[in-house]
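The values are calculated or read from the model by the stated rules, or taken from the named source; none is laboratory data. Being a predicted model, the structure only gives us computed values, none of them experimental. Positions of Cβ are backbone-derived with ideal geometry, glycine not excepted, and every protein chain shown enters the neighbour counts.
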Amino acid sequence: MNLYTIYTVVKSVCRQALAVGIVAFAALSAAAQHYQPSPENLRAREEFNDMRFGVFIHWGIYSMFGQGEWYLQTGGLDRDEYAKAAAGFYPANFDAAKWVSAIKASGAKYICFTTRHHDGFSMFDTKYSDYDIMDATPFKRDIVKELADECHRQGIKLHLYYSHLDWTRDDYPLGRTGHKTGRKGSADWPGYYRFMNNQLTELLTNYGPIGAIWFDGHWDQPKDFDWQLEEQYALIHRLQPACLVGNNHHIAPYEGEDFQMFERDLPGENHAGYSGEQSVSKLPLETCQTMNGMWGYKVADRNYKSAKELIRLIVKAAGKGANLLLNVGPQPSGDLPATALSRLSEIGEWMGKYGETVYGTDRYLTDAQEWGTVVRKGKKLYVHILADRMPEFVAIPMMDKVREAVTFDGGEKLKFETIDGGIVLHTSSLQPATDRIVTLLIK
Ligand code: H79
């Protein structure tokens, strides 16, 4: 080795070391930087926060069993036997235009659709798996594409549900659920992570503007499991800066998330038992709920909430500053269940008359009131009295000065007294209704 060779070797080693150093430094400072939502993203958050009502759709090959979307797990089924259902999945009545029209008429401002649930089946055309609507079913129509095109045509936002957890893939590291499906236990996290990011790239490239990615399944792994979320969220924001990221992990929002979600409970409540570890953040809020008891179509579940209950749920969510994402589980035929359709239409009738008292409103009260709730829109407060028996008086804690109180229907004046820390509204002349609304004009 002559001197010159030694010189070039040393120089090249130094250069490599320098390059490695720069990359390491860049990675470090990227990690240390906090997520800065883009202006488009901040605008999208506001738009989302104004929507107050969306419809969730849980649909997959699980609908064929009529036992809900968890049937692979709850039935203790083998993944290969379960997968055979795909060969018979031919939802002859699926008509995206019909779905979107019915949902739009309900007053919902967005739709969240399950692109891939825990059973791992993709309801869209994906290059990265044959366990999808194009390769595994005779239907061979890209459902996400048809739905996305129709949403764009009818002017309603589309959000996409995407499961982090997968009960069928061998590369997904076995978690708390899905132990009997016959997976080999040959986990390959980097491979699975790549697969998810590839699919997310497809979803955010091939279907036009997507309002949000709605993750689920995080709770399947131990708390200290590294899902590499920041990098995944950054990918989403890079592909579509306005796309909101939410994760149904039941804990406080992580860096990179744009809204906070609550499952089967209003923000701050924990009746269902999933929200014990999350406090309410400053992000836009969303609470999801079923119309009956199950998300995916369940043939035995006729236990639908009444239209009155559902309308009150929208109002109560608005009172907490949250959107309601209300679920329907389409049948294997591609039809929405008749009862779900009738509930959507009843909600739509109400939203047509009273929607302005929930859309674009802000939370007003700090504490829940037994009789109902209050929301704010500029110089107006809407008092929603959700009572079957009208109380004589309603005490509203507030700091603002009230100029006038009138019924929303008819504009009749109502008496009120100003007391320390709020007002007392005289309500005995009002007839009970699903939601009796009083407008307060404030100074
Ligand atoms: O898609 C719908 C459901 O299939 C999915 N999220 C909604 C929107 C969902 N699946 N399960 N859950 C929600 C609730 C999670 C329950 C859990 Fe557990 C309790 C996870 C951890 C504790 C069940 C019991 C799974 C492990 C133990």
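A few comments on the model shown:
- Filter pass, ASP119 being free of Cβ contacts under 8 Å to residues at least 60 places away in the same chain, crowded, with 23+ Cβ neighbours inside 10 Å and not polar (S, T, N, Q): yes
- Of everything in region 42-62 that is touching a Pro at 6+ places or on another chain (Cβ under 7 Å) and either within 13 Å of the ligand (Cβ to nearest atom) or not assigned by TED's automatic domain parsing to the domain that holds ARG116 (or both), the residue that is nearest to ARG169 (Cα to Cα) is TRP59.
- Verdict on ASP132 being under 20 Å from GLY68 (Cα atoms) and free of Cβ contacts under 8 Å to residues at least 40 places away in the same chain: yes
One line per residue, one yes/no per condition, for (1) modelled with pLDDT under 95; (2) surrounded by fewer than 19 Cβ atoms within 10 Å (Cβ to Cβ); (3) within 16 Å of the ligand (Cβ to nearest atom); (4) closer than 27 Å to ILE103 by Cα:
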| site | (1), (2), (3), (4) |
| --- | --- |
| ASP142 | no, no, no, yes |
| CYS151 | no, no, no, yes |
| HIS159 | no, no, yes, yes |
| ASP171 | no, yes, no, no |
| PRO190 | no, yes, no, no |
| ASN198 | no, yes, no, no |
| LEU204 | no, no, no, yes |
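- Identification of helices (runs of 4 or more DSSP H) wholly contained in region 67-132 with 3 or more residues that are more than 25 Å from ASP170 (Cβ to Cβ) and more than 16 Å from the ligand (Cβ to nearest atom) yields 96-105.
- Filtering LYS316, LYS298 for residues that are in contact (Cβ under 8 Å) with a residue 24 or more places away in the chain, within 15 Å of the ligand (Cβ to nearest atom), basic (Lys, Arg) and buried (at least 17 other Cβ atoms within 10 Å of the Cβ) leaves a single hit, LYS298.
- Filter result (under 20 Å from LYS298 (Cβ atoms), exposed (fewer than 15 other Cβ atoms within 10 Å of the Cβ) and in contact (Cβ under 8 Å) with a residue 40 or more places away in the chain) within region 56-87: GLY76
- Taken over region 403-427, the criterion of being loosely packed, with under 11 Cβ neighbours inside 10 Å and either modelled with pLDDT under 95 or not in a strand (DSSP E or B) (or both) is satisfied by GLY410, GLY411, ASP420, GLY421.
- Restricted to region 206-239, and to residues there that are assigned to a loop (DSSP other than H, G, I, E, B) and surrounded by 20 or more Cβ atoms within 10 Å (Cβ to Cβ), the residue that is farthest from the ligand (Cβ to nearest atom) is TYR207.
- Residue tally, condition within 11 Å of the ligand (Cβ to nearest atom) and either under 20 Å from TYR161 (Cβ atoms) or not in a loop (DSSP other than H, G, I, E, B) (or both), over region 256-274: 6
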